[in-house]
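**Q** The structure under discussion is supplied below as structure tokens; questions concerning it will follow.
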Amino acid sequence: MNNQIAYEKIRSLTQTLGTVIRGKSKIIELAVAVLLSKGHLLIEDVPGVGKTTLAHGLARSISCTFQRIQFTSDLLPSDCIGVTVYNDREHAFEFRRGPLFANVVLADEINRATPRTQSALLEAMNDRQVSVDGVTHPLPEPFMLLATQNPAEFSGTFPLPESQLDRFTMCMRIGYPDLADERLILTSIESASVIKTLSPVLTTTDVTEMQRLALDVRVDEDIVNYILAITEATRNHRGVKLGISPRGAMTLYKTLQAISLVKGRDYAIPDDVKLLATPVFAHRIIPAGAIEEESSEESSAIIEEILSTIKVPI
């Protein structure tokens, strides 16, 4: 697949998703960039703004396997990963795969599950495999976990630990639609019905080839230095307790390549870095002295402040 074909396929994907997520082209482009960077996406927002719809739409637009896991307080790790059982007929133990074995997995309301169940996803997200009873089972390629969570102030939630947040490529909010788009939503066909009519515009082979193409996107030295300057600033900022790790900087670099491909370019520009810095970095830093309910907003404000103080490459 050459770049021109990739651009056309990506445009078709974003346009298809635009029929179910109205007026959120930026959110759609970011979600596709996460997919092409082999990453995972966390969407934190109030109920009813389209978090689950985005996941369903993305899965429907790709000819791939899809599973939804509804996270609850009594969900067990084996309910996600699978379990080893004894087969009487074969007189042997066999592994029965859980819903995590799919190309696109929706972890709905992930922060309603206990930390034990949340941590069961770490190996899958980091290594694209799961280990059960000493046996390693690879996950299908491509693999993307798209998790949703309600804000921390909602009752019955368990905040995700920093180690797990760091495995998510981006954390973002969809937000409420503007008045014109909400009017279209109210007067159009129910979104669930629209999703059922979506036809795949990509295959899993298309996705894996575009993921390889993203790695060839050119990132000039001055942009690399720009990323490093932002990263270093988070570690030295007076209001930050824990700054960005090398893994976080590497994640921004890979996502930068992917968003450039999404926007139809084979090279990165500084504006791409400014676009990605908050969704990629904000959930990875820990503000000094922030209470949980204010942490997300304060982290975003810190990243925006840092961006305003660092010279942008020409």
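The values are calculated or read from the model by the stated rules, or taken from the named source; none is laboratory data. In this text the structure is predicted, and so the values were computed from the model without any measurement. Methodologically, a virtual Cβ is constructed for each residue, glycine included, from the backbone with ideal geometry; neighbour enumeration extends over all protein chains shown.
**Q** Within region 111-125, count every residue that is assigned to a loop (DSSP other than H, G, I, E, B) and surrounded by fewer than 22 Cβ atoms within 10 Å (Cβ to Cβ).
**A** 2
**Q** Those residues that are modelled with pLDDT of 80 or more and either assigned to a strand (DSSP E or B) or of a type in the set (A, V, I, L, M, F, W, C) (or both), I need them from region 141-160; list them, please.
**A** Residues satisfying the conditions are Phe143, Met144, Leu145, Leu146, Ala147, Thr148, Gln149, Leu160.
**Q** Is there a residue in region 59-81 that is farther than 22 Å from Arg128 by Cβ and among the hydrophobic types (A, V, I, L, M, F, W, C)?
**A** For region 59-81, residues farther than 22 Å from Arg128 by Cβ and among the hydrophobic types (A, V, I, L, M, F, W, C): absent.
**Q** Which members of region 96-155 meet the condition of being in contact with a Leu (Cβ under 8 Å, 6 or more places away or on another chain) and without any contact (Cβ under 8 Å) to a residue 24 or more places away in the chain?
**A** Selection gives Arg128, Gln129.
**Q** Which pairs turn up if I take residues in region 221-241 that are within 11 Å of Leu252 (Cα to Cα) and touching a residue at least 24 places away in the same chain (Cβ under 8 Å) and look for partners that are of a type in the set (Phe, Trp, Tyr) and part of a helix (DSSP H, G or I) with beta carbon separation below 7 Å, at least 6 apart in sequence or on another chain?
**A** The qualifying pairs are Ile227/Tyr253.
**Q** Is it true that Asp133 is at positive phi and surrounded by fewer than 13 Cβ atoms within 10 Å (Cβ to Cβ)?
**A** yes
This table checks each residue for (1) under 26 Å from Leu160 (Cα atoms); (2) among the hydrophobic types (A, V, I, L, M, F, W, C); (3) at pLDDT 95 or above.
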site: Ser193; (1), (2), (3): no, no, no
site: Val201; (1), (2), (3): no, yes, no
site: Gln211; (1), (2), (3): no, no, yes
site: Ile230; (1), (2), (3): yes, yes, yes
site: Asn236; (1), (2), (3): yes, no, no
site: Arg247; (1), (2), (3): yes, no, no
site: Gln257; (1), (2), (3): no, no, yes
site: Pro287; (1), (2), (3): yes, no, no
site: Ser300; (1), (2), (3): yes, no, no
